[in-house]
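The block underneath contains the structure these notes are about, expressed in structure tokens.
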Amino acid sequence: MSTVKGTGDQADTLRQMAREAKKSQPADPLRPNMNPDHTGIRVLSVTSGKGGVGKSNVVSNLAIAMSTLGKKVLVIDADLGLGNLDVLLGLSPVYNLNHVLNGEKGIADILIDGPAGIKIIPAGSGIQEFTSLGQHEKLKLLDELDMLEEQFDIMIIDTEAGISENVTYFTVAAQEIIVVVTPEPTSITDVYALIKLLATRYSEHHFKVLVNMAKDSEDALEVFRKLANVAGRFLDISLDYLGCVVKDEKVVEAVKRQKAVSELFPDSEAAACFTTLAKRVIENTRQSRLKGNIQFFFRRFLDNPSGD
């Protein structure tokens, strides 16, 4: 319970600091594309209990599908020690998020172009310095990302696998949480452990479940039922079935060629799944609410803290 209280106190302090800064500072010149009709960026965290479930592949293809449907999408690789989203897409960034966190670059300096018009914030690989973010780095990241809000409709955070402090930070700082699970028993077990941690320690109670590498839709629904049955018995949470991506050899081929399957094989079964998922996420009514913890793009709540 102390963790929840602490993050709530930090959020209150941040909002107060931002209110004071807002009163004393002129319009930010780094935000030339301010749109009065913009309703605020939507932040999705995509996470999993274990590695090897194709989470980064899900993130990249879901982002491409959303962009194809007309959304301006930003993807952040939040695996700060072993980031590989750029490798997965055959990209070669010069700078990454580590350069922002250590003060060498601003967030706009490290943005790279991805397939279908998506923008990507790459993470470093083989660097241990930021594998556990301190308070200073967390606040710096909040401040840097805040400058991008008006430029995008959706931000997708690709967390690292597991239950590290960085995983929980990026997950609880998002508005919506998508957990990726496969039909493997170990994946189901590990996802349940992650959900339990987020629910009991961080008061997260709403999760969307995406089943990856399913044999078919019935196989995916069975996986969801197993997870929902266990969670329903022991946790006070809400699990929503988002959908599935079927196992498709075209995905394997695309990974080998460092391309997204939605880009390389747009007529494949897996690509069709991602289009369906993207439509479902976009059409899903969201509630832009301030949670008890620190949230990305929290300044939207300064004038209307209730989110109404």
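Laboratory data are not the source of any read-out in this text; all were calculated from the coordinates shown. This structure is a prediction, so every number in the text was calculated from the model and none was measured. We place every Cβ from the backbone using ideal geometry, glycine too, and count neighbours over all the protein chains shown.
Take the Cβ-Cβ distance between Thr189 and Glu104 as r, set R0 to 30 Å, and report the resulting FRET efficiency rounded to the nearest 0.05.
Computed FRET efficiency for Thr189 and Glu104 comes out at 0.15.
Within a Cβ distance under 14 Å of Leu74, other residues only, what is the Lys/Arg minus Asp/Glu net charge?
Combined, the nearby Lys, Arg, Asp and Glu give -4.
I need Leu142, Leu198 ordered by Cβ neighbour count within 10 Å, fewest first.
Ascending number of Cβ neighbours within 10 Å: Leu142, Leu198.
Ser217 to Asp143: extension gain in nm, 0.36 nm per residue of separation minus the Cα-Cα distance?
22.5 nm
If each residue of separation counts as 0.36 nm, what is the full-extension length gain between Arg280 and Lys256 once their alpha-carbon separation is subtracted?
Value of the extension gain: 5.8 nm.
Would you please put 246-255, 209-218, 62-71 in order of how densely packed they are, using the mean number of other Cβ atoms within 10 angstrom per residue and starting with the highest?
Descending mean neighbour count gives 62-71, 209-218, 246-255.
If packing is taken as the average number of other Cβ atoms within 10 Å across a peptide's residues, how do 87-93, 171-177 rank, most packed first?
Peptide ranking by packing, descending: 171-177, 87-93.
For a footprinting-style exposure proxy, rank His136, His205 by other Cβ within 10 Å, fewest first.
His136, His205
What does the charge count around Arg233 come to, taking other residues whose C-beta lies under 13 Å from its C-beta (Lys +1, Arg +1, Asp -1, Glu -1)?
+2
Using a cut-off of 12 Å between beta-carbons, work out the net charge of the residues near Asp158 (Lys and Arg +1, Asp and Glu -1, Asp158 not included).
-3
For the range 38-287, I need the span (max minus min coordinate) of the C-alpha atoms along each principal axis, in Å, sorted largest to smallest.
Sorted largest first, the three principal extents are 48, 42, 38 Å.
So how far apart, in nm, are the two label points at Leu82 and His136 if each is 7 Å from Cα heading toward Cβ?
Calculated label separation equals 2.8 nm.
Can you sort Thr182, Thr47 so the residue with the fewest Cβ neighbours within 10 Å comes first?
Thr182, Thr47
If you average the alpha carbon positions of the range 80-98 and of the range 146-185, how far apart do those two centres end up, in angstrom?
17
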